[in-house]
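Quick notes on the structure that follows.
No value in this document is a laboratory result; all are computed from the given coordinates. Since the structure is predicted, the reported quantities are computational estimates derived from the model, not experimental observations. Cβ atoms come from the backbone with ideal geometry, glycine included; neighbour counts cover every protein chain shown.
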């Protein structure tokens with residue numbers, strides 16, 4: 001029996017409005033996937049999610065784990081030949097999923113995102129190996145995706161030592177403002 005897939009013709013427009021981007025510009029060159037440090041952990045590469053949106057596949061796009069695995073590092077956006085802010089689209093999709101009450105595809109993902117933010121606060125950029133190690137300690141899920149970590153190390157996507165931006169003091173200012181804003185609420 002053939003299962004029919006429901007297409008939502010307004011979905012693409014909603015995503016464009018919410019993200020401020022034009023999903024239709026993506027021609028699926030796959031450059032975004034080539035640069036993404038977490039593509040191995042995604043069920044669809046970034047351009048695949050954009051294709052779901054282009055086709056109006058709301059349910060598939062909002063239920064996929066990719067939108068939650070994406071850490072908005074902007075590597076995909078920087079490398080995109082069409083200058084699409086893919087990270088903004090992923091953010092819009094996460095927001096839409098939460099508003100629509102879609103079950104989060106990656107239940108421990110908020111802990112993972114906290115580790116990414118902590119890494120950026122410490123070094124001014126992400127140190128992926130440390131993020132993964134801290135995430136594993138936090139979730140006590142030691143070996144679940146060890147194969148992905150080993151593949152990332154083999155492809156030199158996991159540096160053993162972190163690198164730090166030169167203007168780390170400027171980065172600290174961002175986090176102070178963010179924390180002060182949270183205190184006033």
- Taking every pair of alpha-carbon atoms in the chain, what share in percent sits in each 10 Å bin, from 0 to the bin with the longest distance? 9, 32, 36, 20, 3, 0, 0
- For region 62-181, what relative contact order do you get, as a whole percent, if you take Cα pairs closer than 8 Å and at least 6 residues apart? 22
- The extension gain from residue 7 to residue 82, computed as 0.36 nm times the residue separation minus the Cα-Cα distance, is 24.5 nm
- Message: Suppose we take every Cα in region 109-184 and form the convex hull; what volume per residue is that in Å³?
- Response: 88
- Mean ellipticity per residue at 222 nm, deg cm²/dmol - from DSSP H runs of n ≥ 4 across the chain, formula -39500 (n - 2.57): -16500 deg cm²/dmol
- Message: With an 8 Å Cα cut-off and a minimum separation of 6 or more residues, compute the relative contact order for region 1-140 in percent.
- Response: 23
- Query: Sorted by mean Cβ packing within 10 Å, highest first, what order do the peptides 22-29, 165-172, 47-54 take?
  - Reply: 47-54, 22-29, 165-172
- How high is the FRET efficiency between residue 114 and residue 17 when r is their beta carbon distance and R₀ equals 35 Å, given to the nearest 0.05? 0.75
- For the residue pair residue 125 and residue 146, what label-to-label distance in nm results when each label sits 7 Å from Cα along the Cα-to-beta-carbon direction? 3.0
- Rank-order 103-110, 35-42 by packing density, defined as the average count of other C-beta atoms within 10 Å over each peptide's residues, highest first. 35-42, 103-110
- Two pseudo-spin positions, 7 Å from Cα along C-beta at residue 155 and at residue 133, lie apart in nanometres by 2.2
